[in-house]
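Accompanying notes for the structure given below.
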Amino acid sequence: MALVSHNSGKNATQAAKRICDVYGHDAVSVRVAQSWFKRFQSGNVDVKDAPRSGRPITEKVDEILEKVEQDRHISSHDIGKELNIDHKTVLNHLEKAGYKKKLDVWVPYNLTVKNLMDRIFICESLLKRNEIEPFLKRLITGDEKWITLQQSESSKTVIKSEFASSKVMLCVWWDWKGIVYYELLSPGQMIDSNLYCQQLDKVHQAIEIKRPELINSEGIVFHHDNARSYTSLETHQKLRGLGWEVLMHPPYSPDLAPSDYHLFRPLQSSLNGVKLTSKEACENQLLQFFAQKSQQFYTDGIMILPQKWQKVIDQNGIYLV
């Protein structure tokens, strides 16, 4: 109809009005009609939108989901920066893919029936076991968290300092008494199965020094979530060799992971507003944070687990608030 109007001598405004009279008041705007007329005048009579430049949307979605898979704590702003897209676009794609943040962790917005049943079954098993044979004082839990650094970049031609963001990964293991072992990786470095197994050897050495009673008792109950590096064959073999029992943990359950629901939230609060310009500055900040926390803080984070298991059972497996 736009082309017919153009050929009959009407202008863009008249054409837009005619189209809206037929198809509805919001069928086309005057601006769109003007762009069509401009295209017609150049000899192009195709009213379809030209293909957009850049990577296909499906590729962007795959890359966004890959970022989330690599780092379940990553922010939409960081994903946007890394993929050179607006963070609102990132949020939109994640929402369409069924993801939301729970305790600063990306999880499915709606758990499947199997997910819900897994949560109920595992919580029932752990609750009954702990009632018969309390094991929480033998529990060692571990997890990772990215920490953002602000590195100053100065030059003679730039008056104001510019800051380029980079990240370091904190890997930490703790129990009801406090921190057992932690380390900061090099900026940008990520965990893989080989590195994780090396870290488990260091954790074992730290336990021998800080918690010798666990070595000589009924043994260590080890808790971590379902990240790729944790579930690999290499990691399973390492844990078996160390003689540690791995505690069951339902997928997509940060509300049942002590680091997510207890340790990382106050840690992040302590980092907010603090400009860490180096790995060493980050190390000092972490030492200060860990030193300020009493043993009771760590005890509370571990010993609340039975209440959480019971609540998941009572709520038919849905996420805890």
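Brief remarks follow.
- Protein heavy-atom accessible surface, 1.4 Å probe, per residue over region 60-145: 53 Å².
- Pairs beyond 32 Å (Cα-Cα), from 88/177; 88/293; 114/293; 145/311; 137/238: 88/177; 88/293; 114/293
- Solvent exposure, largest accessible area first (probe 1.4 Å, DNA, RNA and ligands not counted), of 246, 203: 246, 203
- Quarter of Cα convex hull surface for region 179-321, i.e. mean projection, nm²: 10.1
- Across region 192-244 the C-alpha pair distances fall into 5 Å bins from zero in the proportions 4, 20, 30, 25, 13, 7, 0 percent.
- Per-residue 3J(HN,Hα) values for region 186-194, derived from phi via the Karplus relation 6.51 cos²θ - 1.76 cosθ + 1.60 with θ = phi - 60°, read 5, x, x, 6, 10, 7, 10, 4, 4 Hz in sequence order (x marks Gly and Pro).
- Surface listing: 181, 319 arranged by accessible area from highest to lowest gives 181, 319, probe 1.4 Å.
- Note on residue 217/residue 88: beta-carbon distance plugged into 1/(1 + (r/R0)^6) with R0 of 35 Å gives a FRET efficiency of 0.10.
- Across the accessible surface of region 219-310, with the other protein chains kept in place and a 1.4 Å probe, carbon and sulfur atoms take up 50 percent.
The values are calculated or read from the model by the stated rules, or taken from the named source; none is laboratory data. Note that the structure is predicted; figures quoted are calculated from it, not measured. Positions of Cβ are generated from backbone atoms using ideal geometry, with glycine treated the same way; all protein chains shown enter the neighbour counts. Keep in mind that these areas ignore ligands, DNA and RNA; they rest on the heavy atoms of the full protein, side chains included. Shrake-Rupley method; radii C 1.70, N 1.55, O 1.52, S 1.80 Å.
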